[in-house]
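The values are calculated or read from the model by the stated rules, or taken from the named source; none is laboratory data. Predicted model only: the values in this text are computed from it and were never measured. Here the Cβ is made from the backbone with ideal geometry for all residues, glycine too, and neighbour counts use every protein chain on show. Heads up: the accessible areas ignore ligands, DNA and RNA and are worked out on the full protein's heavy atoms, side chains in. Shrake-Rupley method; radii C 1.70, N 1.55, O 1.52, S 1.80 Å.
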Amino acid sequence: MKIGITGATGQLGQLVVGKLKEKVSAESIVALVRNTERAAELGVEARAFDYSKPESLVASLVGIDKLLLISGNELGQRLPQHLAVIAAAKEAGVKQFVYTSILHADTSSLGLAGEHLATEAALKASGLAYTILRNGWYTENYVGSAKGAIGAGAFIGCAGAGKIASAVRADYAEAAAVVLAGEGSENKTYELAGDTAYTLTELAAEISRQAGKTIPYNNLTETQYADILKSFGLPDGLAEMLADSDTGASKGGLFDDSHVLSTLIGRSTTPLATVLAEAIA
Ligand SMILES: NC(=O)c1ccc[n+]([C@@H]2O[C@H](COP(=O)([O-])OP(=O)(O)OC[C@H]3O[C@@H](n4cnc5c(N)ncnc54)[C@H](OP(=O)(O)O)[C@@H]3O)[C@@H](O)[C@H]2O)c1
């Protein structure tokens, strides 16, 4: 049995390969990557795989039984890229297609959800056995701003009082490994999120506690927040996506209390305070 992992040189993908190696033999894992040299340190077979080169995908999928498609990171390009992977998987005879989507893709208020929902629909229409991992927000996204907030004296965003049930990449990666190494997940959709939710006011309070100085949360309008992110040098599209996602969070788009993730991985998700302590140490 061969398990293919796309995006295996990315942050989530590397963690999935690592977790999967604890469950199945390294010989049964295939990293499907844009740059096979960079995949060498994964310690598994690597094959060239670029979502934007549809003509090359089928050959790289020969012999793959289960495929994890890690959603691409080129916003606006992802739907045609994902459709190409689905078509290739069908042609190559992949038996189970696992896809990393977004939390509550069908009802999400985040603009990011569109490409994911369209991918899910195409996957279901393909006739392939599918498993949809609707990953929530990465804790690393917000924690990554903690040091900057301590330096600036405030944490900013536009998520209002929205509750965020984030989890670390390693938690989502472990869930993917459980699904890929196990049985019985065909034609199922999993809503994956952290066990404990927090507002950005609560996150700022935890940063304050750990930093030993008061870091308030300043809630901005979506436009103000996007403009500040642009002034930090973020590309316009990324700044606007992050601000839109915060607005989505203010409407509950990043909240979930199903505990499906911790049930799947058989342990609690990694607490925010732990991740924060590592980040600001
Ligand atoms: N839940 C969240 O909070 C959140 C946040 C950010 C992103 N995401 C989504 O989750 C995905 C995984 O997250 P991550 O942190 O691992 O992101 P990442 O580190 O940016 O990794 C993305 C991976 O996708 C691969 N990729 C991009 N375009 C590709 C293409 N045309 N053909 C083949 N591979 C391609 C990249 O390949 P290379 O290694 O060659 O660059 C990389 O390995 C992201 O791509 C995005 O869709 C989720």
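With respect to (1) of a type in the set (A, V, I, L, M, F, W, C); (2) crowded, with 24+ Cβ neighbours inside 10 Å; (3) under 23 Å from Y99 (Cβ atoms), the lone exception for A159 is condition (3). The condition (being open to solvent by less than 60 Å² (accessible area, probe 1.4 Å), of a type outside the set (V, I, T) and either at positive phi or within 10 Å of the ligand (Cβ to nearest atom) (or both)) is satisfied by just one residue among G10, G18: G10.
Taking each residue of region 55-84 that is free of Cβ contacts under 8 Å to residues at least 24 places away in the same chain and open to solvent by less than 50 Å² (accessible area, probe 1.4 Å) and looking for partners that are part of a loop (DSSP other than H, G, I, E, B) and not β-branched (V, I, T) with beta-carbon atoms closer than 9 Å, six or more apart or interchain, yields S56/F49; S56/D50.
With the structure loaded, tell me whether E202 is out of contact with any helix residue (DSSP H, G or I) (no Cβ under 6 Å at 6 or more places or on another chain) and either of a type in the set (S, T, N, Q) or closer than 13 Å to Y142 by Cβ (or both) or whether it fails that test.
Values: out of contact with any helix residue (DSSP H, G or I) (no Cβ under 6 Å at 6 or more places or on another chain): yes; either of a type in the set (S, T, N, Q) or closer than 13 Å to Y142 by Cβ (or both): yes.
Yes.
Among the residues of region 209-228, the ones that are assigned to a helix (DSSP H, G or I) and in contact with a strand residue (DSSP E or B) (Cβ under 9 Å, 6 or more places away or on another chain) come to 3 in all. The set of residues in region 119-146 that are more than 10 Å from the ligand (Cβ to nearest atom), among the charged types (D, E, K, R) and buried (at least 20 other Cβ atoms within 10 Å of the Cβ) contains only E120.
The condition of being buried (at least 22 other Cβ atoms within 10 Å of the Cβ) and either away from the ligand (no atom under 16 Å from the Cβ) or among the acidic types (D, E) (or both) holds for only one of I207, I228, that being I207.
If you scan region 246-260, which residues turn out to be part of a helix (DSSP H, G or I) and farther than 21 Å from D171 by Cα? Break it down stepwise before answering.
The initial filter retains those residues of region 246-260 that are part of a helix (DSSP H, G or I), namely 246-250, 260.
Across region 246-260, the qualifying residues are D246, T247, G248, S250.
Residue pairs whose Cβ atoms lie under 9 Å apart, separated by 6 or more positions or on different chains, with the first residue in region 243-261 and closer than 14 Å to I102 by Cα and the second among the hydrophobic types (A, V, I, L, M, F, W, C) and open to solvent by 40 Å² or more (accessible area, probe 1.4 Å), are A249/F255.
Are any of the residues in region 181-196 of a type in the set (S, T, Y), in a helix (DSSP H, G or I), over 21 Å from Y138 (Cα atoms) and more than 16 Å from the ligand (Cβ to nearest atom)? No, region 181-196 contains no residue that is of a type in the set (S, T, Y), in a helix (DSSP H, G or I), over 21 Å from Y138 (Cα atoms) and more than 16 Å from the ligand (Cβ to nearest atom).
Considering A243, A176, the condition of being out of contact with any Pro (no Cβ under 8 Å at 6 or more places or on another chain) and over 30 Å from L67 (Cα atoms) is satisfied by A243 alone. R38 fulfils the conditions (1) open to solvent by less than 20 Å² (accessible area, probe 1.4 Å); (2) near the ligand (Cβ under 8 Å from one of its atoms) except for a single criterion, (1).
Per-residue answers, yes or no, for (1) assigned to a helix (DSSP H, G or I); (2) within 13 Å of the ligand (Cβ to nearest atom):
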site: V30; (1), (2): no, no
site: D50; (1), (2): no, yes
site: S56; (1), (2): yes, yes
site: E74; (1), (2): no, yes
site: I86; (1), (2): yes, no
site: F97; (1), (2): no, no
site: A105; (1), (2): no, yes
site: L110; (1), (2): no, yes
site: L117; (1), (2): yes, no
